[in-house]
Amino acid sequence: MKIYLYGMICGSNSFRLGSFPVPDEYTEIQQSARFIGGETGTCATVLSSLGAKVKIDGTHIGRNTASLAREHFRGTSVDISSLTFDDSFEGLEDYILITGDIRTPFGSFGHFFSEAYESGRKHWNEPKSSDIEWCDAAAIDECLREDSVRAAEMCIAAGIPYVTIDCKYDSFIHRHAAVTVISGEALAMHYGSCEREKMLPLYMENSSGLTIITNGGNEFFYGRKGQEIKRFMPFRVNVVSTLGAGDTFKAGCTYALAAGMADEELVKFASACAGVAVSRYPSQLCPPKLEEVTDLAESRR
């Protein structure tokens, strides 16, 4: 299968700690890793590991992450030819502290976007219709704003189904998505303390596609317009790190969409992808393989 991804690609620096930092106290680093992350970067890594051909575009790759990006995707089925390698800026990187199922990311993404709109110079590409017409299915991060919407419009024009994440229920990109995945963090950011059970009907009503509202390792909800809300309990695994779990879930949804899976099968497959990912650290350097995901999914009949 051929999959197009558009959105956030950045360098990630992660630190797995024995205990979460306490002010003025020493904390031991158990493991650390540097790799290409971001919603699109991680999704591309997972989809390649599952056996898909992948083409990615989105944020520019700066001088500090250029060699990392080339090396990370070397020997994979990820086509990075549409990316822009831009030596005029350092490049986006984030930093993540991890202890078990807790992770805290920090970076300069707010500055990255505010500077782009204040100066008028965006360090990301506009989507290309030729890339979208090449694929069987797509996944679009909504973070690149009007350019993300443009990618969605191109998918609609080309008849390409797409997955998106963490958008508002009345957004264009959600309205036309084949699958929308919403995290608890995104709900809180967009709507404050609204409960998942109350927000899901709004999402379902505003799209003909499938909406999934995740809940970490807890039971989550999904459904379609005109149908009853359904529930799914994630697979129980030994959690080593939750870093990349959401992006891996998105990758699983995209693979399942391209494979033509029904809703229940899609949700099960995506959850199994995330289950394999959280059982290791860092999953971006040892992403789930198709047989691992299939074995975990089939463990629940």
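Brief remarks follow.
- Residues (modelled with pLDDT of 90 or more, of a type in the set (Asp, Glu) and either touching a Phe, Trp or Tyr at 6+ places or on another chain (Cβ under 6 Å) or surrounded by fewer than 17 Cβ atoms within 10 Å (Cβ to Cβ) (or both)) located in segment 93-118: none
- Number of the condition not met by Ser271 [criteria: (1) surrounded by 18 or more Cβ atoms within 10 Å (Cβ to Cβ); (2) more than 18 Å from Pro287 (Cβ to Cβ); (3) within 20 Å of the chain's Cα centre (by Cα); (4) of a type outside the set (Phe, Trp, Tyr)]: (2)
- Any hit, segment 72-92, residues being surrounded by fewer than 18 Cβ atoms within 10 Å (Cβ to Cβ), touching a residue at least 24 places away in the same chain (Cβ under 8 Å), under 29 Å from Val240 (Cα atoms) and over 19 Å from the mean Cα position of the chain (by Cα): no
- Condition check for Arg121: farther than 20 Å from Val163 by Cβ, at pLDDT 95 or above, exposed (fewer than 13 other Cβ atoms within 10 Å of the Cβ) and out of contact with any Phe, Trp or Tyr (no Cβ under 7 Å at 6 or more places or on another chain): no
- Cross-chain or 6+ apart pairs with Cβ under 7 Å, segment 189-213 first and over 17 Å from Ile173 (Cα atoms), then of a type in the set (S, T, N, Q): Arg196/Asn215
- Segment 99-112 residues that are of a type in the set (Ser, Thr, Tyr) and assigned to a strand (DSSP E or B), paired with ones that are modelled with pLDDT under 90 and exposed (fewer than 14 other Cβ atoms within 10 Å of the Cβ) (beta carbon under 7 Å, 6 or more apart): Thr99/Ser19; Thr99/Phe20
- Segment 155-173 - residue that is assigned to a helix (DSSP H, G or I) and in contact with a helix residue (DSSP H, G or I) (Cβ under 7 Å, 6 or more places away or on another chain) and, of those, surrounded by the most Cβ atoms within 10 Å (Cβ to Cβ): Cys155
- Residue list for segment 14-49, restricted to those being part of a strand (DSSP E or B), surrounded by 15 or more Cβ atoms within 10 Å (Cβ to Cβ) and in contact with a strand residue (DSSP E or B) (Cβ under 6 Å, 6 or more places away or on another chain): Ser14, Phe15, Arg16, Leu17, Ala33, Arg34, Phe35, Gly37
- Single condition Ala152 does not satisfy, out of (1) surrounded by fewer than 24 Cβ atoms within 10 Å (Cβ to Cβ); (2) in contact with a helix residue (DSSP H, G or I) (Cβ under 7 Å, 6 or more places away or on another chain); (3) modelled with pLDDT of 95 or more: (1)
- Positions within segment 214-258 being surrounded by fewer than 23 Cβ atoms within 10 Å (Cβ to Cβ), in a loop (DSSP other than H, G, I, E, B), under 18 Å from the mean Cα position of the chain (by Cα) and touching a residue at least 60 places away in the same chain (Cβ under 8 Å), in sequence order: Gly216, Thr242
The values are calculated or read from the model by the stated rules, or taken from the named source; none is laboratory data. These numbers were taken from a predicted model, which means no experiment stands behind them. FYI the Cβ positions are ideal-geometry reconstructions off the backbone, even for glycines, and counts take in every protein chain you see.
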